[in-house]
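Below: one structure, written as structure tokens.
Every read-out reported here was derived from the displayed coordinates using simple, explicitly stated rules and does not represent laboratory data. The structure displayed is predicted, hence computed values, not measured ones. Cβ sites come from the backbone with ideal geometry, for glycine too, and all protein chains shown count toward neighbours.
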Amino acid sequence: MSLSLSRRAARTSQSEIRLMSVECERVNGINLAQGVCDTPVPEVVREGARRAMERGINSYTRAEGLGPIRQAIAAKMKRFNGIECDPETEVIVNSGSTGSFYSACLALLNPGDEFILFEPYYGYHLNTLLAVEAVPVYVTLRAPDWKFSPEDLERVVTPRTRGIMINSPANPSGKVFTREELGWIAEFAQRHDLFVFTDEIYEYFVYEGRHISPATLPGMWDRTITISGYSKTFSITGWRVGYTVCHRKWAQAIAYFHDLIYVCAPAPLQMGVAEGIINLPESFYRGISAEYVQKRDLLCGALQEIGLTPSIPQGAYYVLADASSLPGETSKEKSMELLRSTGVASVAGSAFYHGKGGDDLLRFCFAKTDEELGEACARLKKLRQRSQLGAATLKA
Ligand code: PLP
């Protein structure tokens, strides 16, 4: 038989994060590898979905999604993001922001187009670009505060460059892009006539700085594709409800491709999310940052204590820590060693870099219940006790 996988399939690889989760389950460890957010779903969201099912909202929806959620998103975009958009023609409900990004890539990128990613990057961004046969090019953010310069952008741009990705707050670095940095990207995108895709899934998880939507910068609305969703905000990663907001000249094709792959986001769950957007007060969103900054500080404190110096994240719910003190040649070996010795799963830094940049890094997720995070920190601290014990034994 001469059958084989497509060239596309051969180029992509299964997410290391999932592989680590499987290994963690096998050893009955605590999973700080995956962003699965096991905090409770707001009641108004759950009730909204339940009521919608009982009212018979269980069929396919229009390609763009149901009216109530599109209207709720448009109102929220104006209120929170400062973006005025038409709910009829400029808002599309998607199967998570993952569905949004994939559909937008299919609608707007051609095979061979170059697309700029900041690294450390989110693996789905990279692999989605590879799946549509775009060519990723990289601008490496400099640790520990993940800075870049306008010259870094100029160095990678070519006549084939078609777009650039912004993810703020970012996974995995926790970087919140400043207005100055977004201004550089906006000027660069206009001068080179590029699309800006912006993944704002962590827009409510900000601890330092302020969330700014790139589409609000002067001249940016008609070239910016804003992607977000409620997986994280409402702790509903399994519901698959996200959205795209963009100029109407792009929206129809994005909705078309979304329909082709996913048909629609689950109808009653769209209604549950709409209820949440309409009814939850501002204090709910402020509460997210207040709650998560405590989780961040707890985890970063433990990492600091055991000598895995963390880069303190300004947003999102991940932390990259310096793992150079752990045994192992590669970050994969280091994460396996940590899982073996403490029962805490992390992700190897190599998952976020195309070259060697991540070899001394591990990523930990703090979207966990306080109880689980506390237990993970206690287990991590044992590493220090063990290494002190080891050192004492050696000396003796
Ligand atoms: N974008 C980023 C940067 C993420 O970290 C994640 C999940 O970890 C997603 C998107 C996935 O979002 P969704 O559940 O809306 O597809």
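Table for the structure above
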{"read-out": "Long pairs among Lys175/Lys382; Lys147/Lys356; Lys232/Lys332; Lys76/Lys175, criterion Cα-Cα beyond 21 Å", "value": "Lys175/Lys382; Lys232/Lys332; Lys76/Lys175"}
{"read-out": "Cα centroid separation, the stretch 263-332 to the stretch 172-206 (Å)", "value": "19 Å"}
{"read-out": "Separation of the Glu329 and Arg8 label points, Cα + 7 Å toward Cβ, nm", "value": "3.5 nm"}
{"read-out": "Segment Thr158-Val22, extension gain: residue separation times 0.36 nm, minus the distance between their alpha carbons", "value": "44.9 nm"}
{"read-out": "Three-way shape call for the stretch 216-281 based on the alpha-carbon gyration tensor, with the a/c threshold at 1.5", "value": "oblate"}
{"read-out": "Peptide ranges 22-32, 61-71 listed from the most packed, as the mean C-beta count within 10 angstrom indicates", "value": "61-71, 22-32"}
{"read-out": "Mean-position separation - Cα centroids, the stretch 1-72 and the stretch 84-118, in angstrom", "value": "18 Å"}
{"read-out": "DSSP bridge orientation in the chain - percent antiparallel, rounded to nearest 5", "value": "50 percent"}
{"read-out": "CD proxy at 222 nm, helix term only [per DSSP H run n ≥ 4: -39500 (n - 2.57); per residue of the chain; nearest 500]", "value": "-13500 deg cm²/dmol"}
{"read-out": "For the stretch 98-156: rounded, prolate or oblate by the Cα gyration tensor [a/c cutoff 1.5]", "value": "prolate"}
{"read-out": "Calculated FRET efficiency for the pair Glu54/Lys382, C-beta based, R₀ 51 Å, to 0.05", "value": "0.55"}
{"read-out": "Whether the stretch 1-117 is rounded, prolate or oblate, judged on the alpha carbon gyration tensor where a/c under 1.5 counts as rounded", "value": "oblate"}
